Amino acid sequence: MNYAIRMGEHAQLMTKAIQHISIIYNPDAGQPQALLKNFNRIFHKAGVRWDIHITNENGDGERLAKQAIAAGTDVVAVYGGDGTLMDVANGMVGSSVPMAIIPGGTGNVISVELGIPRDPAAACALIVNPQHVLRPIDVGRVENHCFLLRVGFGLEANIVQGAGREMKDRFGIFAYLMSILAAISQPSPSHYFLNLDGMEYECDGLACMVANAASLGVSGLDLADNISIDDGLLDVFIIRKIDLEELFSMAARVLGSPDTPNSLLHWQVSKLKIRSDPPQQIEADGDLIGEAQASIEVLPLALNVIVPPGNLTLKG
């Protein structure tokens, strides 16, 4: 099988035969028997060798990805949610080896962002489809953690904390809805000190969000229409208040209204530092990573991801 490699913003195409796929599998994401059948049926038919490596704890994805790349694999495929993808991305940034995403877990927003099929069998077929392309995307880095979607201070981190593994196992995606309702019913404001590309700002707010990608997990539903995962920029939002009027205003903006909610401050930067007082929890792609302060930067076009045909054009 051949795949097309897009080299940076110049979209220069190259070809290379896929002979071996290393699969990193998060067992918490489910479907082990069906997945193994798909791997064996689809990859065997394509004449591609594959092996599977199972994660047990945070950090395994990074370690396993580095080992697979060092061993000479052609593709690192990841089955799991956004947290698993973030973990594996830590071990792949800057490598020429592409990542393939097989969506799993409670949420896999990055697959929606990149138009990757939600069905695992279709996602496996995409990897060995000779018409697929490689899309280079930006990766965010917060302290020593990579992220593909967002870093959240305050409200979003509280939602993540409230929707723990036990809640997700019991209620699935509804765990997030329940946690959202609990978080907005008891908002916790903070004062933010921001350094945005060297410029100092201060403001009060309930939450700070730093976005690398636009998708909210539903096709066509984006945080803002000018966010791109390959523009070399991070989008910084401060949410200053939450009430029904402002929630409807934000929802209207997501659905295409040109009006910007009064509760939302927005900057685009390549590097920033944030400190909150009183301290707020910080999450990155669904994992809690600390509190109070963080240094964040974008790594432009640092990761190549296999995407469907027609997903070649840069946004922005």
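Where a number appears in this text, it was derived from the coordinates with a stated rule and is not lab data. No experiment lies behind these values; they were computed from the predicted model shown. Backbone-built Cβ (ideal geometry, glycine too); neighbour counts: all protein chains shown.
Neighbour counts of other C-beta atoms within 10 Å: give me Ile54, Ile23 arranged from fewest to most. Provide the component values of the computation, followed by the final result.
Details: Ile54 12, Ile23 25.
In order of increasing Cβ crowding within 10 Å: Ile54, Ile23.
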Given labels modelled 7 Å from the Cα in the Cβ direction, how far is it in nm from Ala122 to Gln293? 4.7
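Using packing as a proxy for protection, rank 289-302, 109-122 so that the peptide with the highest average count of other Cβ atoms within 10 Å comes first. Walk me through the intermediate numbers first.
Values: 289-302: 17.4, 109-122: 18.9.
Taking the mean over residues of other Cβ atoms within 10 Å, the ranking is 109-122, 289-302.
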Counting only residues 5 or more apart in sequence or on a different chain, those whose built amide H sits under 5 Å from that of Arg150 are Asn212, Asp285
Per the 1/(1 + (r/R0)^6) rule, R0 = 30 Å and r from the Cβ atoms of Ala71 and Lys271, FRET efficiency to 0.05 is 0.30
For Arg240 and His20 in one chain, what is 0.36 nm times their gap in residues minus the Cα-Cα distance, to one decimal in nm? 74.3 nm
Taking θ as phi - 60°, what are the ³J(HN,Hα) couplings along the stretch 70-78 by the Karplus curve (6.51, -1.76, 1.60), each to the nearest whole Hz, with x for Gly and Pro? 5, 7, x, 4, 8, 9, 9, 9, 10
